[in-house]
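Asker: What follows is a single structure, and I will ask about it in a moment.
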Amino acid sequence: MTPAGGPAGELRLGVVGLGRISQVAHLPAATKADRVRLVAVCDASPTLVESVARHYEVPGFTEMGKLLHEDLDAVLVATPDRSHLALAATALEAGKPVLVEKPLADDVAGAEKLAQLAADQGLTLQVGAMKRHDPGIEYAKRSLPRIGPIITAQAWYRVMSALRPPTEATLFPRTVVDPAVREVEATFKTDRERYLLSTHGAHVFDGIRHLIGEVATVRAAVAHVGKDFSWHGTGRLAESGGLASFEISANVHAKWAEGFDVYGESGHLRVRSFFPFFRRASEVSLFIEGDATTTSPSFGDTDPYERQLEAFARAVLDGGPVSPNADEGVSAVRFIEAVRASAARGGTEVHI
């Protein structure tokens, strides 16, 4: 890969997609991240472009082709899943490294196309699994070898219902909404089961692969009451042969709950994560049986969206590691589709 960069090793970034996730996470992160400078924004909505471009004092465009003519080094794609393939491909074909929101694409075929295109172009393609850049998760990943081969592990992700809107109102900056865009997007979310598994499964299944290990096969079931859905499943770990169970529930009528328990032959790793917009590091405890000791570190720099952009800048500017990379993004989409297929077949085992 050929390193890019503006003056003083700075990554000049264009952001495509100015909806809520950009306004509350990516754009604020771009103003704080080391070695990143926001230089342009783009969205199909003139309402969003006008407001966001004015707020950040950068050029704004409603056509991606015009954005790509700006003096920029890389593109962040933060649009609905169905448009990831087309927009990320356009940026890659223009010679721009890409950070694309999770999931990498709407299906495995699209994800594979993007991964192959990035490889052919020799460009960085990073997936926006920002939880990997939570310093608690990073510590847990580094500590994993200390607990030995994994015997059993559990992962859970429970999205709060009534508590979420007031929590977001407290934490979010003022956001601009285009009512016409919201109406259109609502039509694409009518298949709630598919939408929820894709958007939340992208986090959970990347986390399982990252922290617990590659999963060879999976069995899953889904249940729902009204608009509330819950998936439960069990995967067979490819390396150790151990078992990893998971739960994804959206929504639960309680507080947000998210975490991992990982048990190896030499110890236990416990991770408890928080609603992401608290920007609070996961709490981690590492128990080593041989020493009869538990370690629970504390962290300072804890904004995963900012840290994600800084990691992307290092990957593009310095040729550093890409996490997660395109192949890992493909694997997460495969995991989503395997869970969906198993649940549709009454919990039969599906190879990932």
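Asker: Kirkwood Rh, Cα Rg: Rg to Rh for segment 121-243?
Answerer: Expressed as Rg/Rh, it is 1.02.
Asker: Something else about it: On a 0 to 90 degree scale, rounded to 10, what angle separates helix 84-93 from the longest Cα axis of the chain?
Answerer: Its long axis makes an angle of about 60 degrees.
Asker: Also, I was wondering about something else. Three principal axis extents, largest first, for the C-alpha atoms of the chain, in Å?
Answerer: The Cα atoms of the chain stretch 56, 47, 42 Å along their principal axes.
Asker: Next question, about the same structure. May I ask you to give the solvent-accessible area per residue for the chain, in square angstrom, as obtained with a 1.4 angstrom probe?
Answerer: Normalised by residue count, the accessible surface of the chain is 44 Å².
Asker: May I pose another question? If you rank H26, H232, H203, H351 by how much accessible surface each has, with a 1.4 Å probe, what is the order from largest down?
Answerer: So the residues, ranked largest to smallest area, are H351, H232, H203, H26.
Asker: Given 25 °C and 0.890 mPa s, how large is the Stokes-Einstein diffusion coefficient of segment 165-307 in µm²/s, with Rh as the Kirkwood radius over Cα pairs?
Answerer: Translational D for this selection: 136 µm²/s.
Asker: Rounded to the nearest 10 degrees, what's the angle between the helix 326-344 long axis and the longest principal axis of the chain, both from Cα atoms, 0 to 90?
Answerer: Here the helix axis deviates by roughly 60 degrees.
Asker: Determine the order of S230, S45 by accessible area, beginning with the largest, at a probe radius of 1.4 Å.
Answerer: In descending accessible area the options line up as S230, S45.
Asker: Can you list the lysines whose alpha carbon is less than 20 Å from that of K66, not counting same-chain residues fewer than 8 positions off?
Answerer: Within the straight-line cut-off, K66 pairs with K96.
Asker: Can you tell me the relative contact order of the chain? Whole percent, Cα pairs under 8 Å, sequence separation 6 or more.
Answerer: It comes to 22 percent, rounded to a whole number.
Asker: Counting only DSSP beta bridges with both residues in the chain, tell me the antiparallel percent, nearest 5.
Answerer: 60
Asker: Over segment 284-346, consider all pairs of different Cα atoms and compute the Kirkwood hydrodynamic radius from their mean reciprocal separation; express it in Å, one decimal.
Answerer: Roughly 15.6 Å, rounded to one decimal.
Asker: In nm, what is the difference between 0.36 nm times the number of residues separating T348 and V177 and their Cα-Cα distance?
Answerer: 57.3 nm
Asker: Further, regarding this structure: According to the square roots a ≥ b ≥ c of the eigenvalues of the Cα gyration tensor, what is the shape class of segment 2-144, taking rounded for a/c under 1.5, prolate for a/b larger than b/c otherwise, and oblate for the remainder?
Answerer: Since a/c stays below 1.5, the shape of segment 2-144 is classed as rounded.
Asker: Report the label-to-label distance for T187 and R314 in nanometres (one decimal), using points 7 Å from each Cα along the Cα→Cβ vector.
Answerer: Distance between the two pseudo-spin positions: 4.4 nm.
Asker: For F278, what accessible area in Å² do you get when you roll a 1.4 Å probe over the heavy atoms of the protein chains, rounding to the nearest 10?
Answerer: Counting only protein heavy atoms, the figure is 110 Å².
Asker: Taking 0.36 nm per intervening residue step and subtracting the Cα-Cα distance, what contour gain separates K32 from L243 on full extension?
Answerer: 71.9 nm
Asker: Could you report the accessible area of W256 in Å², rounded to 10, computed with a 1.4 Å probe on the protein chains as they sit in the structure?
Answerer: 40
Asker: Mind ordering 54-60, 36-42 by average Cβ neighbours within 10 Å, highest first?
Answerer: 36-42, 54-60
Asker: Average projected area of the Cα convex hull of segment 175-257, in nm²?
Answerer: The number I arrive at for segment 175-257 is 7.3 nm².
Asker: Moving on. Put one equal scatterer on each alpha carbon of segment 82-138, apply the Debye formula with no solvent term, and list log10 I(q)/I(0) at q = 0.17, 0.23 1/Å to two decimals.
Answerer: The computed values of log10 I(q)/I(0) come out as -0.52, -0.83.
Asker: Separate question: Provide, as a two-decimal number, the C-alpha radius of gyration of segment 52-93 over 2.2 N^0.38 Å, N being how many residues it has.
Answerer: For segment 52-93, the normalised Cα radius of gyration comes out at 1.21.
Asker: Separate question: Which shape class applies to segment 249-318: rounded if a/c is under 1.5, otherwise prolate when a/b exceeds b/c and oblate if not, where a ≥ b ≥ c are the square roots of the Cα gyration tensor eigenvalues?
Answerer: It comes out oblate by the Cα gyration axes.
Asker: Okay, moving on. As a test of the definition: which semi-axes, in Å, follow for segment 68-175 when you take the square root of five times each eigenvalue of its alpha carbon gyration tensor? Largest first, please.
Answerer: 30, 23, 15
Asker: Is segment 222-263 best put as rounded, prolate or oblate by its Cα gyration tensor, with a ≥ b ≥ c the root eigenvalues, rounded for a/c under 1.5, and otherwise prolate when a/b is larger than b/c, oblate when not?
Answerer: Verdict is oblate for segment 222-263.
The values are calculated or read from the model by the stated rules, or taken from the named source; none is laboratory data. This is a predicted model, so every value here is computed, not measured. When we count neighbours, we look across all protein chains shown, and the Cβ atoms used for this are built from the backbone with ideal geometry, even at glycine. We work out accessible area using only protein heavy atoms, side chains counted, and drop any ligands, DNA or RNA first. Shrake-Rupley method; radii C 1.70, N 1.55, O 1.52, S 1.80 Å.
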